[in-house]
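Values quoted throughout were computed directly from the atomic coordinates according to the rules given, and no laboratory measurement underlies them. Keep in mind that what you see is a predicted model, and the values were worked out from it rather than measured. Note: ideal-geometry Cβ built from the backbone for every residue, glycine included; neighbour counts use all protein chains shown.
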Amino acid sequence: MPRQWRFHHIEPESRIAAVQNIHRALRPGGRLALFENNPWNPGTRLVMSRIPFDRDAITLSLPEAKHLVRCGGFTETPASWSLFYFPQPLAFLRFSERALSYLPLGAQYCVLAAK
């Protein structure tokens with residue numbers, strides 16, 4: 001089963017080493033799927049501020065995550081998309097989330113990179 005790490009709980013100065021460790025652990029052609037909470041989404045910031053476990057977390061933006069992946073040794077251009085735009089009260093709008101996935105404003109994002 002894949003391991004899950006939350007980069008917003010890794011000290012910023014240790015993040016490149018963490019990505020390098022993942023890179024070393026993967027076989028050639030192996031993939032990294034980095035899902036993170038999006039600091040550009042006000043709902044995400046609100047939720048994280050109310051969760052004791054996340055109050056001291058240092059989030060990273062989508063451009064920071066893509067840069068981190070490249071600095072960690074991944075050579076393929078990372079692909080990315082945003083997820084979860086509409087909370088439950090606006091669930092009737094979720095049909096449009098696929099079309100919005102290129103906008104970096106969802107509650108989370110994913111960066112996919114290959115070794």
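Observations
- Selection of GluC sites (Glu not before Pro), region 49-115, meeting DSSP coil and at most 16 other Cβ within 10 Å: GLU76
- Inverse mean reciprocal Cα-Cα distance (Kirkwood Rh) of region 6-49, Å: 12.3 Å
- For the options PRO87, PRO104, PRO39, a Gaussian network treatment of the chain with springs between C-alpha atoms closer than 10 Å singles out PRO87 as fluctuating the most.
- When the Cα positions of PHE53, ALA99, THR75 are compared along the charge dipole of the chain, THR75 comes out farthest toward the positive end, with charges on each C-beta of Lys, Arg, Asp and Glu.
- The fraction of all Cα pairs in region 45-115 landing in successive 10 Å bins from 0 to the largest distance is 18, 38, 34, 10, 0, given as whole percents.
- Gain upon complete extension [TYR102, ARG6; 0.36 nm per residue less C-alpha separation]: 32.3 nm
- HN-Hα J in Hz across region 102-109 - Karplus 6.51, -1.76, 1.60, θ = phi - 60°, x for Gly and Pro: 7, 7, x, 10, x, 5, 9, 9
- Residue among ARG15, ARG94, ARG45 with the largest mean-square fluctuation in a Gaussian network model of the chain, springs linking Cα atoms under 10 Å: ARG94
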